[in-house]
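Below is one structure, written out as structure tokens; the observations come after it.
The values are calculated or read from the model by the stated rules, or taken from the named source; none is laboratory data. Just so you know, these numbers come straight off a predicted model, no measurement behind them. Using ideal geometry, Cβ is built from the backbone for each residue, glycine included, and neighbour counts are taken over all protein chains shown.
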Amino acid sequence: MTFNFLVAPDCPPERFSGWYMLSTLLQKRSGFGIHLLMPGDRAEQQRMLGEQKIDLVYANPFDAAALVREHGYRAFARPLGQADEMVIAAAADAPAACVEDLPAGARIALTDNADVRLIGLRLLEPADLGEADLQWQRVDSYQAAARQVIGGQADAGFFLAGAYHAFSRMTRTRMKVLVESALCDITHVLLAHPDLHGELPAIREAMLGVRASTTPGDAEVLEALGAPDGFEPMADEEVEFMIDLMETLLD
């Protein structure tokens, strides 16, 4: 039996090899085949979800909420110690030193990542800036957002914190953080299709068994993923709490 495993399109390109390494490892340990799907953007992700059965999904919090509430997917794990924080950053030589310095009409570079946009808007509330007060410049990647910020085509950028801190030292020295969130309870999650009943325990065991501290070779896989501490189980009530928090941020 082979499962389709879709990875959220906000996964940085430098992490792709880690997902392929993990896929190979899971196949060996679970006994199931895995067909890894890496959509380039959210539109391609939605097309894949609509055109074929996706058995496993590594989803961002916003998409996870819809997949759980509307399609019956079940969360079973999440990266340990990897909350989905976000960063608002400007060019290092920009006049703004904090979000309160951003003016109405500021140009914001961002990807098609709904949870990052949502959290970013909440972080802009001290500046009394709402969605209609800003000029949104959609880009395909966090790297492209950084280029716009550094090049002066955007006044600030919205970044997933993990992606921002994974930039090269040279890129980061050409920008400055205006604010970084500290929500702690919002994370990417691993979801299973509601039809996966008898197979899920083996998949969960294989995923949770990838541990740098116990199995030789696992550390390399986890480092490549950007999840050095591996994964932890996620209970139904924990994902429901996260979804409720996302809905609170939407209000």
Review point. Has the range 26-44 got any residue that is touching a residue at least 60 places away in the same chain (Cβ under 8 Å), farther than 24 Å from A166 by Cα and under 20 Å from the mean Cα position of the chain (by Cα)?
Key: yes
Practice item. Would you point out which residue out of A166, A156, A144 is more than 22 Å from L80 (Cβ to Cβ) and within 17 Å of the chain's Cα centre (by Cα)? Key: A144
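Looking at the range 124-143, can you tell me whether even one residue there is hydrophobic (A, V, I, L, M, F, W, C), assigned to a helix (DSSP H, G or I) and within 21 Å of P103 (Cα to Cα)?
As a first pass, look at the range 124-143 and keep what is hydrophobic (A, V, I, L, M, F, W, C): 124, 127, 129, 132, 134, 136, 139.
Retained after the next criterion (residues that are assigned to a helix (DSSP H, G or I)): 127, 132.
In the following step, the residues that additionally are within 21 Å of P103 (Cα to Cα) were identified as 127, 132.
Yes: one or more hits.
Does the range 209-230 hold any residues that are of a type outside the set (D, E) and more than 12 Å from L22 (Cα to Cα), and which are they? I'd like the intermediate steps shown before the answer.
Our first condition is that a residue be of a type outside the set (D, E); within the range 209-230, this holds for 209-217, 219, 221-222, 224-228, 230.
Result: A212, S213, T214, T215, P216, P228.
Do the conditions hold for V189, that is, is it at pLDDT 90 or above, aliphatic (A, V, I, L, M) and more than 20 Å from A64 (Cβ to Cβ)?
Values: at pLDDT 90 or above: yes; aliphatic (A, V, I, L, M): yes; more than 20 Å from A64 (Cβ to Cβ): no.
No.
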Review point. Which of the residues belonging to the range 134-179 are touching a Lys or Arg at 6+ places or on another chain (Cβ under 7 Å), of a type in the set (A, V, I, L, M, F, W, C) and under 24 Å from R42 (Cα atoms)?
Key: A154, F158
Exercise for review: With respect to T187, determine if the residue is assigned to a loop (DSSP other than H, G, I, E, B) and surrounded by 20 or more Cβ atoms within 10 Å (Cβ to Cβ).
Suggested key: yes
**Study point:** Residue within the range 203-210 that is touching a Gly at 6+ places or on another chain (Cβ under 7 Å) and touching a residue at least 12 places away in the same chain (Cβ under 8 Å) present
**Key:** yes
Revision key, fill the gap. Of (1) touching a Lys or Arg at 6+ places or on another chain (Cβ under 8 Å); (2) modelled with pLDDT of 90 or more, A64 satisfies every one except (1)
Point to revise | Residue tally, condition farther than 30 Å from G152 by Cα, surrounded by 24 or more Cβ atoms within 10 Å (Cβ to Cβ) and of a type in the set (G, A, S), over the range 60-93 | key: 2
